[in-house]
Amino acid sequence: MSAGSGSRNTNTEPWGSFDDNLIQGGGSAVIDMENMDDTSGSSFEDMGEMHQRMKEEEEVAAEAAATEDDSAEDGEFLGMKGLKGQLGSYCEVWQAGKRQASRAFNLYANIDILRPYFDVEPVQVRNRLIESMIPVRMINFPQKIAGELYGPLMLVFTLVAILLHGMKTSGTVIREGTLMGTAIGTCFGYWLGVSSFIYFLAYLVNAQITMLQMLSLLGYGLFGHCAVLLITYNIHFHFLFYVLWLLVGGLSTLRMVAALLSRTVGQTPRLLLCGTLSLLHMLFLLYLHFAYHKIVEGLLDSLEGPNLAPMQRVARDVPELNTTLRILGALPRAQ
Amino acid sequence: MAAAEEASRPFAGLSDVSISEDIPVEGDISVPVGSSRRDDEFSTLDEPVKETILRDLRAVGNKFIHVLYPKRSSALLRDWDLWGPLLLCVTLALLLQGGAADSDDQGGPQFAEVFVIVWFGSIIITLNSKLLGGTISFFQSLCVLGYCIMPLTVAMAVCRIVLISGSGNVSFAVRLVVVTVSFGWSTFASTAFLADSQPPNRKALVVYPVFLFYFVIGWMILTFSPSQ
């Protein structure tokens, strides 16, 4: 029974049914632009599903043959046939359920689908971190964007850790929810949400970028945010923050914008896509600094004494700062 | 007459049943008479409950000792169990519970929060190390990460004791030192077990999330302030 299952003929139509293609794993002949420079393992899913189906066909054939043999033997037992038949049907139901459950589990909980996205070396991660701050001028030919998820994921977690550090040292009060929940929600929400939104816009304007590349690009763009927040949560000068915001935030935004520009055609689509991304990215850094960080004047007073008082006054009483905060809506919340 | 005979001996027809050779038959047809001496060394059903509990406690305690003196041994990995991590997680969450419990200031970590952080953090680190090509199994990794929270739990207990005496700058410095040392100890202990299962050039990629994980827990401990 095992020999025949590989070439099991499930044809029911005279013209040959569709099953043949599924078993033989016929791939599509169209080369998708999406997969051109993508390191994704999209073929893994197809291979996994094909393998699963073949295994299942074998199992079903084996069981069917086994139950056929069993029912042939049943006739010899006096009075047991009815009982065995009932048990057998329960058994079959259970087997079918187990098979379905294991199939669903193998398909969805198979983390091997993600394995190719984590196939990196530490040197590569370090290089990509540094490159995320260096904009590349070539915008006439699609720039190469690494499709990995390890670096972006670690950067998001690092951002969470830095946010927690900043929130606690500044005495932030969160009315509903907890500090951890807010930090994780903010960071992951930004990474996943803005990536999806920009990918959607890119899909609308037909830009050549995949979801994985977008996630990777934005994830590495958070490296600048991490660096700025790490510095400014510990050194409380607003002027320093503004300089770093423009410099570091601007560099990482330029890098992402250049990569997107190189993959978009047309003036208006380029403006839309890159304008949206730069706006969201820069505003996020601004939001992270002001909404989760309040200068605790008591702490500074006790530590620095009169030396810092002028700085403190400048930081708190600058009217432009208050206006900025009010515009951003952070000030009413901070109170 | 034949029917009456058959009715009085309902299983008469089974006496000459033979099973053909090519159908595998399995099962135990021995009739249990008292306790089977053959299974004594494998069956733990008959021992007193105290022995069962003590055996598990001894195993957990043995693993605690392995965490305190982390050397390259496979005791933590071979017989993994999740009792120790559960115990440590509950202890840590209870110790962190009483902090900053004003009615309108929910800034302190709640019990469920600590639980979720510890378990989901461990799961994410485990998935990460598996995706990077690790040879360790899912539950073994959970076991190691959970047991290595022990130095941080001890640090939490010490911090609480220090906080009883006051919460000024000196106590903050003492707590900072204690938490930093225990954080380093936890990270070192867990990497001693986990890093062996990775390809040699990717150890740094696995150690970094562990470092972040214990950093967050250490941060929660350090910033704990008791309610007035």
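The values are calculated or read from the model by the stated rules, or taken from the named source; none is laboratory data. If you're wondering where the values come from, they're calculated on a predicted model, not measured in any experiment. When we count neighbours, we look across all protein chains shown, and the Cβ atoms used for this are built from the backbone with ideal geometry, even at glycine.
Checked against (1) touching a residue at least 24 places away in the same chain (Cβ under 8 Å); (2) within 14 Å of chain A (Cβ to nearest Cβ); (3) not acidic (Asp, Glu), B:Leu194 passes all but a single condition, namely (2). Comparison of B:Thr223, B:Thr187 shows that the only residue that is under 17 Å from B:Ser122 (Cβ atoms) and either touching a helix residue (DSSP H, G or I) at 6+ places or on another chain (Cβ under 9 Å) or among the polar types (S, T, N, Q) (or both) is B:Thr187.
Taking region A:215-241 as the range and being within 14 Å of A:Ser132 (Cβ to Cβ) and without any contact (Cβ under 8 Å) to a residue 40 or more places away in the chain as the test, only A:Ala227 passes. Do we find that B:Leu222 is surrounded by 16 or more Cβ atoms within 10 Å (Cβ to Cβ) and over 21 Å from A:Glu121 (Cα atoms) in this structure? In short, yes.
Given the structure, is A:Tyr150 under 30 Å from A:Thr253 (Cβ atoms), facing another protein chain (nearest Cβ under 9 Å) and at pLDDT 90 or above? So A:Tyr150 passes the test.
Scanning region A:174-217 for residues that are closer than 24 Å to B:Phe215 by Cβ and away from chain B (no Cβ under 14 Å) yields A:Thr186, A:Gly189, A:Tyr190, A:Trp191, A:Leu192.
Applying the condition of being of a type outside the set (A, V, I, L, M, F, W, C) and more than 10 Å from every other protein chain (Cβ to nearest Cβ) to region B:200-224 and asking which residue is nearest to the chain's Cα centre (by Cα) yields B:Tyr214.
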